Each structure stands twice: as structure tokens, then as C-alpha cells.
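Here the structure is laid out as C-alpha cells; the discussion comes afterwards.
Taken together, the values in this text are just the output of simple stated rules run on the coordinates, not laboratory data. Computed from a predicted structure; not experimentally measured. Note that we place each Cβ from the backbone using ideal geometry, even for glycine, and neighbour counts take in every protein chain shown.
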Amino acid sequence: MLAKKYRLPIQTTMSKRGTEIRFPLIAAKFFPNGLPYGRCGVVIRKGLVKKASDRNAIRRAILRTAQSSDVPRKLPGIDLLIVVRGVGNGRLPDDLARETSNAISDIMQR
């Protein structure tokens with residue numbers, strides 16, 4: 001799990017405009033934050049996954065990927081917001097985590 005310092009405050013971030021990259025399962029929004037480290041947050045609509053425990057499992061898998069990708073160090077000064085777009089058809093949290101890893105590598109190349 002990411003330290004609280006590196007987690008993005010979702011309530012204040014949802015209204016910000018930034019660059020968005022779309023993938024089949026997720027959308028990744030990123031924008032500058034003015035801090036010497038990067039932060040990461042995850043949003044999952046209740047309409048996609050009804051049970052809170054399932055939403056939390058997905059959120060943990062995505063944040064675990066962000067931690068293993070070392071987002072705070074590799075993306076200094078950037079806030080990364082991952083919006084889950086779809087989890088149907090037997091998608092596992094690992095599939096979403098794999099796609100998150102691809103999004104992080106795309107953002108590092110930009």
C-alpha cells in the first residue's frame with residue numbers, strides 16, 4: 001500500500017483538468033502537483049462493482065502496482081488519477097493492475 005503522503009486526495013482532484021490516456025479497462029489522468037514527489041489515486045464507481053470489499057480489492061491491486069512501479073520517485077511532481085472504466089466479463093484485479101502498469105510506463109515516456 002502506498003504511504004498516505006503519496007496517495008492522492010480524490011475529493012479535491014476530481015474537478016481538475018489534465019491529460020488523459022484511455023485504455024479498455026481504465027482511464028489515467030495526470031497533471032502537475034508542484035511537489036517533489038508523485039501521488040496516485042484510484043476511483044471506482046459503485047455502479048461497476050456493488051460490493052465495497054470487491055472495490056477495495058481492486059483499489060489495493062492497482063495501488064500495489066503503483067507502489068511496485070515506484071510512482072512517487074519515477075513521476076516527480078505529477079498527480080496520477082486512475083479511473084476504472086470496466087471490470088465486467090470476469091476481469092480480475094490483476095488484469096486492471098497490468099493495465100495500470102502499462103499506463104504508468106506510457107506516462108513516463110511522455
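A few remarks follow.
- Overall dimensions of the chain by Cα: Rg and Dmax, Å: 12.9, 40
- Using alpha-carbon coordinates, inclination of helix 93-109 to the longest axis of the chain, degrees: 20 degrees
- Note on Lys4: lysines with a C-alpha under 20 Å away, same-chain residues under 8 apart excluded, are Lys29, Lys74.
- Theoretical ellipticity at 222 nm over the chain - DSSP helices of four or more residues, -39500 (n - 2.57) apiece, nearest 500: -11500 deg cm²/dmol
- In order along region 51-60, the phi-based Karplus estimate (6.51 cos²θ - 1.76 cosθ + 1.60, θ = phi - 60°) of 3J(HN,Hα) comes to 7, 4, 5, 5, 4, 5, 5, 5, 4, 5 Hz; Gly and Pro are listed as x.
- In the chain, a dipole from Cβ-located charges (positive for Lys and Arg, negative for Asp and Glu) runs towards its positive end, and of Cys40, Val87, Ser53 it is Ser53 whose Cα lies farthest in that direction.
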